[in-house]
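Below is one structure; the comments refer to it alone.
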Amino acid sequence: MDQHWHLSESDFFEGLEQERQDFLGLARARQLKRGEFVFHESQPGGQVYYLEKGVVLIFRSAPEGKEPIMSIRHPGEMFGLAEVLGRRQRQCSAKAIQDSRVHQLGAGGLETLLARHYPLARRVIEVLGGRLRCLSEQMENLMVLDVPSRLLKTLFYLCYPQLVAGHDWSSPVTVPLRLTQEQIAAFTGSCQQTISESLKQLQQDDWISLDGRRITITRPLEVMKRLAL
């Protein structure tokens, strides 16, 4: 599964215990309620964030009120890296979709840690490289896949960390997040009506099962073959 290395959700500080302690020693903890923004698009990017618990959406504003979702951040992930060192304006907004806790550190503090710890600097490069790979794959999906295929691929990728953590690939696997159809549409570059129709079609074809907002991929191994993953 090396071709899916960019989907890994391992803790940012895995294997970097001293760096973790130094980061948390300088950072400020912040509690977020569901629906609260971490930062807004166009704000100065002067902070970086380590997500201790909860889930955070990274999204952009678009014409007609649409908010395309660029990524979803889970516990153990670092975000806000792209603009922080250059103190550039944020290109996206970040919002908690569950009660969350982050540790935020200013650009100056991050620069100090990067200068002190080469392994930390290397980890930042690895993370940014993986996210660039994810974005290029999203662009490719928009160009070459129909909506049902994009939807199925997105659902599979959301389940991927569970699968590689030891889940039986021949058994059904449930998407860990309960996303609305509007959020799924924003994540796949579609609209709510098309997503609704695609979900029904995928269910009829026995690729998924639906229980309210609970989505289960019934045959993850066959999904890999269908999408040539």
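Laboratory data are not the source of any read-out in this text; all were calculated from the coordinates shown. As the structure is a computational prediction, the values presented were derived from the model and not from experiment. When we count neighbours, we look across all protein chains shown, and the Cβ atoms used for this are built from the backbone with ideal geometry, even at glycine.
Taking the inverse of the mean 1/r over every pair of distinct Cα atoms in the range 148-213 gives a Kirkwood hydrodynamic radius of 12.3 Å.
The Stokes-Einstein estimate for the range 64-130, based on a Kirkwood radius over Cα pairs and taken at 37 °C with 0.692 mPa s viscosity, is a diffusion coefficient of 237 µm²/s.
Projecting label points 7 angstrom from Cα along Cα→Cβ for residue 136 and residue 28 puts them 3.8 nm apart.
Quick check: from the Cα gyration tensor, does the range 113-229 come out rounded (a/c under 1.5), prolate or oblate?
Taking the square roots of the gyration eigenvalues as a ≥ b ≥ c, the range 113-229 is prolate.
Label reach from residue 209 (point 7 Å along Cα→C-beta): in the range 134-157, no amide nitrogen lies under 16 Å.
Listed by chain and number, the lysines whose alpha-carbon sits under 28 Å from that of residue 33, ignoring those within fewer than 8 places in the same chain, are 53, 66, 95.
When the convex hull of its Cα atoms is viewed from all sides, the range 2-140 shows a mean projected area of 8.6 nm².
Each residue, residue 146 and residue 88, gets one label point 7 Å from its Cα in the Cβ direction; the gap between the two is 3.8 nm. The simple Förster model, with R0 at 41 Å and r as the Cβ-Cβ distance, assigns residue 227 and residue 112 a FRET efficiency of 0.40. Each peptide among 171-177, 214-220, 136-142 gets the average number of other Cβ atoms lying within 10 Å of its residues, and from highest to lowest they stand as 214-220, 171-177, 136-142. Protection proxy ranking, highest mean first, for peptides 17-23, 74-80: 74-80, 17-23, where packing is the per-residue count of other beta-carbon atoms within 10 Å, averaged.
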